[in-house]
1. Can you tell me how many residues in segment 214-242 are free of Cβ contacts under 8 Å to residues at least 24 places away in the same chain, open to solvent by 50 Å² or more (accessible area, probe 1.4 Å) and of a type outside the set (Val, Ile, Thr)?
2. Which one of Thr124, Thr133 is within 16 Å of the ligand (Cβ to nearest atom) and closer than 23 Å to Ile87 by Cα?
3. Quick one: which of Ser172, Ser195 is under 22 Å from Thr282 (Cα atoms), of a type outside the set (Asp, Glu), part of a loop (DSSP other than H, G, I, E, B) and within 19 Å of the chain's Cα centre (by Cα)?
4. Would you check which residues across segment 1-43 are assigned to a loop (DSSP other than H, G, I, E, B), within 30 Å of Tyr283 (Cβ to Cβ) and among the hydrophobic types (A, V, I, L, M, F, W, C) and list them?
5. From the list Ala141, Ala236, Ala189, exactly one residue is in contact with a helix residue (DSSP H, G or I) (Cβ under 8 Å, 6 or more places away or on another chain) and within 16 Å of the ligand (Cβ to nearest atom). Which is it?
6. Only one of (1) touching a Gly at 6+ places or on another chain (Cβ under 6 Å); (2) of a type outside the set (S, T, N, Q); (3) on the phi > 0 side of the Ramachandran plot is not met by Gly324, so which one is it?
7. Would you confirm whether or not segment 127-144 contains a residue that is touching a residue at least 40 places away in the same chain (Cβ under 8 Å), farther than 23 Å from Lys323 by Cβ and either open to solvent by 50 Å² or more (accessible area, probe 1.4 Å) or not in a loop (DSSP other than H, G, I, E, B) (or both)?
8. If I filter segment 64-73 down to residues being open to solvent by 10 Å² or more (accessible area, probe 1.4 Å) and not hydrophobic (A, V, I, L, M, F, W, C), which single residue comes out as farthest from the ligand (Cβ to nearest atom)?
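The values are calculated or read from the model by the stated rules, or taken from the named source; none is laboratory data. Quick caveat, the model's predicted, so the values are computed rather than measured. Don't worry about glycine lacking a Cβ; one is built from the backbone with ideal geometry, like all the others, and counts go over all protein chains shown. What goes into the accessible areas is simple: the full protein's heavy atoms, side chains included, and nothing from ligands, DNA or RNA. Shrake-Rupley method; radii C 1.70, N 1.55, O 1.52, S 1.80 Å.
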Amino acid sequence: MKVPFLDLRVTEADERERLLGAFERVLSHGCLVMGPEVDALERTIAEYCGRKYAVTVGSGTDALYFGLRALSIGPGDEVITTSLSWIATANAIALTGATPVFADIRADLNIDPQSVAKSITRKTKAILAVDYTGKICDMSALQDIASQNGLMLMEDGSQAFGAEYRGGRCGSFGTISGISHNPMKVFAACGEAGSLLCDSSEVYERLVSLRYNGTVNQETCIEPSLNGRMDALQAAILLERFKGLPSVIERRRNNARMYSEKLRGFVGIPTEDSHQTDVYYTYTIRSSKRNELKAYLENHGIETKVQHPLLMPQQPAYRDSAKGDFSLAKRLVEQVLCIPIHEKLTLQQLSHVVSVIHQFGPSEPGKVE
Ligand SMILES: *Cc1c(COP(=O)(O)O)cnc(C)c1O
């Protein structure tokens, strides 16, 4: 039996028809960039996240970069972020001219607020907190640290759209939240797409300007920036998929519940506190024999991923100058393995994954503090 890590084909007849209908509508009205679907999507996600404003952009990377620019982050500033994330997080900071400072993570793979507190210097301007694996990070602790130290807080919610934490949704934390809607993400377009959420009208105006070459009133450029607007087609697709989002999240959560029941004691499993609802962008297990387990699963038709084999500060682009302390992250990154969790998995496929991991035998690593 084959178990793919992801299946991005649109196979369900109903979804296919709805997406093709969206494409037809865009072809008919001809506003190909921005347009009515973009306006509708911005209203929809702002309301869903409990924010005043949403600004759609071309990718999650755009969202992070424009967000940091809108917070006036630039050369000479330090931004504290996690050491374990997709490299876009660090790149967005570096591209503003600021220096990323890498904090350690906790056993749940999210940024460790204590490590953040220890990393603050006179140059620190902001914290960029990533909701890694689809779990919102410890936002109350981070908000406390930010307000006690006069720092701004920005959320990278790329992996966690739809997740909840103490009654707040992903996208509602910090001054600005950046989201990716690339095809791998839980709330996904059929191509590159991203969005930003905020409550301040000034921040909103600046984001709108930054996403189109720093222009205001069509033509006047007030600061250099990039073109990061969203295609009408991606907005139309996201609007259609928004209707199915609750069921996508429910299926992922059901898959995770099944795994967690059956895999406990065999490998390290993700945990979820009662004040959190995770969306399982990835279901990341930990194993003391990670590479052997990965090969064993591969031999039994199960595709897995190590996200990410290199911490951001270990990447060639950053390793010579990387600032920060990330000793637990270094240990954990040797143990992590993402197994298939997507909403198209059948019960047979899930059972196959479980039984192959059982066959492999227990390899749960020791507890971490
Ligand atoms: C996917 C992702 C991004 C980048 O989003 P793109 O849409 O691929 O540019 C940024 N941060 C995190 C945590 C991500 O998972």
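1. The total comes to 5.
2. Thr133
3. Details: Ser195 fails: part of a loop (DSSP other than H, G, I, E, B).
Answer to the selection: Ser172.
4. Met1, Phe5, Leu6, Leu8, Val10
5. Details: Ala141 fails: within 16 Å of the ligand (Cβ to nearest atom); Ala236 fails: within 16 Å of the ligand (Cβ to nearest atom).
Within the list Ala141, Ala236, Ala189, the selection yields Ala189.
6. Only one criterion is unmet by Gly324, namely (1).
7. Checked against the condition, which is being touching a residue at least 40 places away in the same chain (Cβ under 8 Å), farther than 23 Å from Lys323 by Cβ and either open to solvent by 50 Å² or more (accessible area, probe 1.4 Å) or not in a loop (DSSP other than H, G, I, E, B) (or both), segment 127-144 yields at least one hit.
8. Among residues in segment 64-73 that are open to solvent by 10 Å² or more (accessible area, probe 1.4 Å) and not hydrophobic (A, V, I, L, M, F, W, C), the one farthest from the ligand (Cβ to nearest atom) is Ser72.
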